[in-house]
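FYI, it's all coordinate maths here, none of it is from the lab. Just so you know, these numbers come straight off a predicted model, no measurement behind them. Glycine also receives a Cβ, built like all others from the backbone with ideal geometry; neighbour counts cover every protein chain displayed.
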Amino acid sequence: MPMWGTQSLRLFRHELRRGELTIICFAIILAVATVFSLTNFSEHIKSAIISESNSFIASDRILQSSRPVDQAWLQQAQQANLDKAELLLFSSMVFAKEEMLLASVKAATIEYPLRGELLVTDLASGETKSQKAPNIGTVWVERSLLNKLNVQLGESIELGVANFTVAGVIEKEPDASFSVFTQGPRVIMNMADVEQTQIVQPGSRITYRYLFAGDKQDIESYETWIKPLIQDNQRFYDIKSRQSPLARALERSEKFLSLAGMLGILLAAVAISVASNRYKQRHQPMVAVFKSMGASKNYIAKLYLLHWTCLSVFSITVGLLVGYVLHIVAMNFISDYLPNSAMYDGMYPLIVAISTGVLCAGAFAITPMRALIATSALAVVRGFDDVMGGNPWLRQLPSFLAVFALLLLFSKDITLTFILIGSSVVVVGVLMVLGYSLIRLGRGVGSGAGKSLHLAIANLQRRAKQNNVQLISFTIAIMLLLIMLVVRNDLLDDWQAQLPENAPNQFLVNVNKQQAPKVEAFLQANGMKTTELYPIVRGRLTAINEDKVGKQVSKEEEDKSDQGRRGIGRELNLTWHDKLPTENIVVEGKWFEPSDLTPQVSIEEKLADRLDIKLGDELTFQIGSEVITLPVTSLREVNWQSMQPNFYMIFSKGVLSDFPATYITAMYVPMLNKPQMQQFLAQYPTISVIDVDAMINQLRTIITQVSLAIEFILALVVLAGSLVLIAQVQASMEERERELAILRTLGAKGSLLRNATLLEFVVLGGISGFLASVIMEVAVYFVQTELFKMTVSWHFEYWLLGMAAGGAFVGLVGFLSCRRLLNLTSVTLIRRTL
Amino acid sequence: MNIQPKIILECRSVTKSVVTSGHKKGDTTLTILNPIDLQVKSGESLAIIGASGSGKTTLLSLMAGLDLPSTGEIYLKENPLHQFDEEQRSNVRAQHVGFIFQSFLLINSLTALENVMLPAELKGDSDAREQALIMLDKVGLGDRVDHYPGMLSGGEQQRVAIARAFISKPDILFADEPTGNLDSNTGDYISRLLFELNEQQGTTLVLVTHDNQLANRCQRQLTMAAGQFVESQNYVAEAG
């Protein structure tokens, strides 16, 4: 080995053992460990959530079409190793003895469902178990169908021109439509039986669904292949594209995990930057001595390149180990919540973590390395100055670019990357100016105050430049932590608000006019919280400002969400109401005045946008054989995620009162009251009940998982933040040592120095906390509006937290780090430093 | 090989001035060294004395090739240092020069032995370790070779630095206030050690000091004031 190699390794070995590289190594270790555990963890959570929620669509992806698709597409799926199931969905009359009923029929191939459980209570055994599609010649039906048709298990029903034995009762359907307007109870039959029913004729309204499941890569490559081929009357979608509350929660939690990871990276980057600067300062005398003894620039460069490489490799390795352990510990905590099928074992976290380490270590080494190599031999007699040529902003460019690349690599989200980088740049800029002024401002305050405070302020001023660097890193750390905390709380609140304890879990549909008051009375008597009863009249939008809407109709039909909100091409569920429903906001125009009796309509804004309907437009509806025309007087924003009946069109009172209507309501029925409810409803067999308890519970479980994940990540990020603070305090220790020695020599009392040090850090932390809060508010505004599409809110309570926690934490870390110095006798101090 | 073996170091009209960037364009030139002529013979010991700010350390750094003169010529072992770039000067230092500093400048992360080995290693000696052990023995630290500088007293640290300076058998040794950070007893011991080794190895010694006693041990004394040599006898050390 060449001499520079030997010396470099020797230096590395000694320094590592003597703890001189602890801070810089720790910073890199933390960056790698955070990113590794976080990515690993969030990949796990993601795959757990997705596997859990994919049961909502009974597969990983669905291809939906109004006509059978090209067989070649399905063959391609087979070649891609995907599991496949086919579904046919249609409405049909079901006959049994004298009774008949419109049912929603699902014909399934035997692979269905690919994900999730289809729970059926078996005729033979009476047991409820997970099943695939029914046997040929048999059907499974929803319990309400048995009641309404008055048939028993084992009897037969007629579907089209064929007879089927009712072999089981459907208890849980993995991809049950979450629509309150589902047409009729479900019947599941075997795909092979469809032909003999002769229901499927040319022109029949049938939905073809092809379900796919498989490995992530296989699915994704198939998706890439098929997406360009999808036609207008087809859709290819996954759980996330469903406009369900779950999909939104998923998307947000994914984004949050991503955000958290990015904050972790940023914090670690700040820590590495602080530590690498310190590394440079510590090694400068060494370089000068080497050079004075005749070491060439080239020699120094090689020596330090190897030194830094050793340091990086060591730290990255340890970081991966620590990250792995962290991850295992975390998984242990939450494994109860995760389905076993969800274990993630990809290489992605490893790759991201190693890139983080390499990029951070690489980019942050450039400036200190250049300074080290450029250290003049003359420094052995002249001392070291920190002045480096060139633009200081330009010098930060490599680190800046590295952080940018890292954030982008990690999040694949350019908006988020810009928000975070942007706010950090703003922090630096604003602080450069503000930091000096605030500290200067403190001069006046300090001089009149007690001695410790005076000394503290004097210290702050004297080291204004270093303190500004400290201030910046403290502020960035506190700001990132605050962003994390605020966004987490907002998200959890938001979810909680969507799913309050007593969110409606049952919908009553098809309540007729005579039944309505009785239902209302019953619910009131039993103290059940309910949304109001909404009347429903079915009608069709035929014209806008006397233009027929034929063309838009057909487009809208394809757009209709599979959640079942009827598109406008078909009949709409029209309602009338005098009060604006909760979770609805009028965004344009005015809600109906109670005194105003003119017929008018309020329309959902997105639909209005799609159909290009403006305030004041005249809409024509056909209801039965009647035609009514009335103006649009308001546009509403509707929270479709709310568990309550929502409507595209709401008419003013009186317009529809002459038409035959059914009523719908949603309410919360506690578990205890369910039998009572059933008894009551038994009197009214025509009323349909839709129970969404199972769905809500599943949603809650998932949100619990995500919340846990978020707590864990928060803890990690806090750790990273603390490291920044510690690294920064450590960096100023040597100088402090000198200063304390001088002050001690001049006769300053221990208690004075202690208080002054403590105060200095508390003031610094407090100022950082304040500035961090202000900038956090701006950043959170963008995060909320751009990333999470949430309503914007203020967080003044966190300002207080930022300042208090900043002061307390920085004070504590600073004080603890200085305590060792303060506890030394003055003789030792002086001997060590002077 | 040398045509004039007796002169190891020569300064011809060497000056040093620095431009201090004051207010905007109003840069001012500060002269630190006025034209200096000096010849140092091989094996000679020379003390340069003078008050703080007299320019003695600047002169030392020029002679050792740590810095370049503004004008004038410097030859060290016939190498025209004033024409050399940093790399070439490094090379000259590695081959011919040793240093002892006031603040010792040992590398804290390396043991005494490893500190002493450094110059020999840089020179490419394969038996650096053995040489270093011998040197440490010579300065009386044979039993402390594995100690780190932080575990040694000031005097001991300077002894390590002396061992480090002599290990590469330099032709010329520059010492910058070698006893400046030590109490007088330790200082005596160190200066005795320095001259002993110097004599043994026949090294040329140039030292810069406030200390008259130390200066008097040298064969020749030059006094500096305001960037030039003055009458050596008249000098009274201000910081005795």
Inset, instruction - Just tell me how shielded A:371-381 is by partners: mean number of partner chain Cβ atoms within 10 Å of each residue's Cβ, no decimals. - result: 4
Legend entry - Spin-label zone in segment A:54-89 - amide nitrogen under 18 Å from a point set 7 Å from the Cα of A:ILE110 along the C-beta vector: A:83-88
Inset, instruction - Over 26 Å between C-alpha atoms is what I'm after, so list which of A:LYS280/B:LYS56; B:LYS77/B:LYS123; A:LYS106/A:LYS129; A:LYS579/A:LYS606; B:LYS41/B:LYS169; A:LYS614/A:LYS789 land there. - result: A:LYS280/B:LYS56
Legend entry - Reciprocal of mean inverse Cα separation for segment A:70-171 (Kirkwood radius, Å): 14.9
Legend entry - Computed label-point distance, nm, for sites A:SER66 and A:GLU501 using a 7 Å Cα→Cβ extension: 4.8
Inset, instruction - Report the Stokes-Einstein translational diffusion coefficient (µm² s⁻¹, integer) for segment B:123-181, Rh taken as the Kirkwood radius over Cα pairs, at 4 °C with viscosity 1.567 mPa s. - result: 106
Inset, instruction - With no solvent and one equal point scatterer placed on each C-alpha of segment A:593-673, evaluate the Debye formula and give log10 I(q)/I(0) for q = 0.16, 0.21, 0.26 Å⁻¹, two decimals. - result: -0.74, -1.11, -1.37
Legend entry - Highest-fluctuation residue, B:ASP67, B:ASP211, B:ASP127 considered, GNM on chain B with Cα pairs under 10 Å: B:ASP127
Inset, instruction - Return the FRET efficiency for the residue pair A:GLU155, A:TYR781: r is the Cβ-Cβ distance, R0 is 60 Å, and the value is rounded to the nearest 0.05. - result: 0.45
Inset, instruction - With a point put 7 Å past each Cα toward its Cβ, work out how far A:LEU102 is from A:THR309 in nm, to one decimal. - result: 7.6
Inset, instruction - Determine the shielding of peptide A:297-304 by partner chains: average, over its residues, the number of Cβ atoms on other chains within 10 angstrom of each Cβ. - result: 1
Inset, instruction - Tell me what chain B gives for mean residue ellipticity at 222 nm when only DSSP H runs of n ≥ 4 count, each as -39,500 (n - 2.57), the sum divided by the residue total, rounded to 500 deg cm²/dmol. - result: -10000 deg cm²/dmol
Legend entry - Order by protection proxy (mean Cβ within 10 Å, highest first), peptides A:365-373, B:188-196, A:120-128: A:365-373, B:188-196, A:120-128
Legend entry - Potential extension, A:LEU397-A:SER204 segment - 0.36 nm per residue separation minus Cα distance: 63.0 nm
Legend entry - On Cα atoms only, tilt of B:184-201 relative to the major axis of chain B in degrees: 90
Inset, instruction - Sticking with the crude label model, points 7 Å out along Cα→Cβ, report the distance from A:GLN678 to A:ASP658 in nm, one decimal please. - result: 4.4
Legend entry - Additional length obtainable on full extension of the chain from A:SER437 to A:ARG820, 0.36 nm per residue less Cα span: 134.7 nm
Inset, instruction - Sort A:MET189, A:MET803 so the one with the fewest other Cβ atoms within 10 Å of its own Cβ comes first. - result: A:MET803, A:MET189
Legend entry - Percent antiparallel among DSSP beta bridges (both partners in chain B, rounded to 5): 50
Inset, instruction - Kindly list the residues of segment B:62-99 that lie in the label zone of B:SER13, defined by a backbone N under 16 Å from the point 7 Å along the Cα-to-C-beta vector. - result: B:69-75, B:82-83
Inset, instruction - From other protein chains only, count the Cβ atoms within 10 Å of every residue's Cβ in B:116-123, then give the mean. - result: 5
Inset, instruction - Report the FRET efficiency, 1/(1 + (r/R0)^6), for A:ASP493 and A:ARG143, where r is their Cβ-Cβ distance and R0 is 30 Å, rounded to 0.05. - result: 0.20
Inset, instruction - Starting with the fewest neighbours, write out A:MET776, B:MET151 ranked by other beta-carbon atoms found within 10 Å of each beta-carbon. - result: B:MET151, A:MET776
Legend entry - Full-extension gain in nm, A:ALA521 to A:LEU615, via 0.36 nm per residue minus C-alpha separation: 30.0 nm
Inset, instruction - Give a residue-ordered list of calculated ³J(HN,Hα) values for segment A:261-273 (Karplus: 6.51 cos²θ - 1.76 cosθ + 1.60, θ = phi - 60°; whole Hz; x for Gly, Pro). - result: x, 5, 4, x, 4, 4, 4, 4, 4, 4, 4, 5, 5
Inset, instruction - Please give the helix B:112-123 orientation as an angle from the longest Cα principal axis of chain B, in degrees from 0 to 90, rounded to the nearest 10. - result: 60
Legend entry - Proxy reagent accessibility, fewest Cβ within 10 Å first, across A:ILE328, A:ILE476: A:ILE328, A:ILE476
Inset, instruction - Highest first, please rank the peptides A:483-496, A:350-363, B:133-146 by the mean number of other Cβ atoms sitting within 10 Å of their residues. - result: A:350-363, A:483-496, B:133-146
